[in-house]
């Protein structure tokens, strides 16, 4: 909490329908966001229990500067991932960070399981457990509409909810936040479902005066100017991340048809420019962001015979066009938007859903499974079959779709095809086949996401592979993002939020931090994550990479499997050194206010 | 010798609005020479690609090669 010497944590017990509030001074050593969430997860996780056991916690946390400065808009969620079995960490924007801040809580810890489906209404002076039996089975949009009509506080409210996939415990079910944002990766939706928790409604309506307004406003203006006037942020607004389709397709880094190809023959037809010309109807922003990078695409759906149509708007970005487009060989923006809409309504992680279907399509092509099992004739380019298959993943009508709902790694354990089940430590791959950075980054990343350390970005800046330089850069970025995510900024603005900017921002709202403090905090957070991973049995050197990564040339040419494993071992050595230092150090002192 | 440059929409302000055009360069010229001749400032360059692969400025060119000048990959 800004200006306070404690982190205010709301503990929610779904078994007893009780809450308690703690003011944790000790957690200030973790600054906020992912630091606080990691420590709370370490305290409450049960390594001996299944990820979907009711004893496992869900942690949400906002950061040390949440929504007080431009583009500091995210909330972090941490949990034991039902998809990977290890560290679960994901981020969402929308209004959630602002409403948590203005409801007076820095973090939520949700434990236990409700006897019946429920949703939780969180207000500044009240927490209510509400009956959600009538909401069970509703899609993301339906449950959002239902709660909007029944809860007060419009404009100061965030609605966080799951769809049918979460209820049915699909291990990559997502959590939708305020319609267009998501805690997408690693299966938080299934953890909600395992607790009979359909939704959260958070209302934030208190005022939070800034003490040194003059000093604060000077820093704010500087950041605002850089956010709104730099070219990179303008790109996020104009075409947005779908801009990536063109360079990746031209340079052979665009995963296509289950990475059987590194470029898509219809790439120009599904480029960011193509979406903008034919389907883009609106751009919206998370609360506290002047950029507006959320691109809304429009398509027309026939809902009945006799020329009966409805207009559907869904958000799209690069990762969705990759996973539900190029990875499945879908040739038109219209069809990609239609698949995105089904994924959205079911409440699945879009990246995992697309990558799982890529594996399933190739498994059918190779005869590892039959059409009796897939029910629909999965084939690259066949959007209608994929839309039906997405619903089957959510509803799991047979053993095959039950396996698909556990992820590509699990499904390939059951049916074969491990070499083309495109995952990193059980988490489905993101949309970059750019070189060693795009493979080693998520393989070693704490949550096996491209966002852990941005390894793919190094592939375009590094002229010739320098193994040590690459490993050092990934390691440094992994730690630095622990700092950024303790604030919690949107990583699109990571180049704006350099160290001097972070220090100016925090110190003008009551902190007293130095550059060395931030470095120490980043390492402290990373060590906490690594301890959690170790407690859950993760061994970096046991991670196996699908052979497909080394069969299909990347943006920087063919990749050697041995070099990839060598780089991973080099990274692990740095982790071992960091953790050895951890064991020799005393309990961290509190930094800042 | 003749080579072709194809530039992304954001860079056409440096090329009189042209997105695909020819450039005459010396034999064994590099990508850098071709881009310099086209008048595109180095600081505006993003990703360079030929034949579905990333290339660097010192890449040697052959007659009729086609170099794509693209925006940098961006994301979180």
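Points worth noting:
- Förster-model FRET efficiency, 25 Å R0, residue A:16 and residue A:535, C-beta, rounded to 0.05: 0.40
- FRET efficiency estimate (nearest 0.05) - Cβ-Cβ, residue B:4 to residue A:128, R0 60 angstrom: 0.35
- Span from the the range A:2-40 Cα centroid across to the the range A:276-313 one, whole angstrom: 38 Å
- Centre-to-centre, using Cα atoms only, the range A:245-270 and the range A:53-89 are separated by 32 Å.
- Helix-derived mean residue ellipticity, 222 nm - over chain A, DSSP H n ≥ 4, -39500 (n - 2.57), to 500: -12000 deg cm²/dmol
- Ranking of A:362, A:142 by neighbouring Cβ atoms within 10 Å, starting from the fewest: A:142, A:362.
- Mean-position separation - Cα centroids, the range A:121-151 and the range A:520-570, in angstrom: 40 Å
- Take each residue in A:466-473, count the other chain C-beta atoms within 10 Å of its C-beta, and the mean is 0.
- Efficiency of FRET between residue B:18 and residue A:379 - r from beta-carbon atoms, R0 56 angstrom, step 0.05: 0.90
- Peptide A:231-244 - average C-beta neighbours from other chains (10 Å radius): 3
- By the count of other C-beta atoms within 10 Å, a proxy for reagent exposure, A:23, A:402, B:36 are ordered fewest to most as A:23, B:36, A:402.
- Spin-label zone in the range A:56-92 - amide nitrogen under 13 Å from a point set 7 Å from the Cα of residue A:224 along the C-beta vector: A:68-71
- Relative contact order of the range A:291-363: 27 percent, from C-alpha pairs under 8 Å at least 6 residues apart in sequence.
- Extension gain from residue A:572 to residue A:281, taking 0.36 nm per residue of separation minus the Cα-Cα distance: 100.2 nm
Since every read-out is calculated from the coordinates, none of them should be taken as a lab result. As the structure is a computational prediction, the values presented were derived from the model and not from experiment. Reconstructed Cβ throughout: ideal geometry from the backbone, glycine too, with neighbour counts over all protein chains shown.
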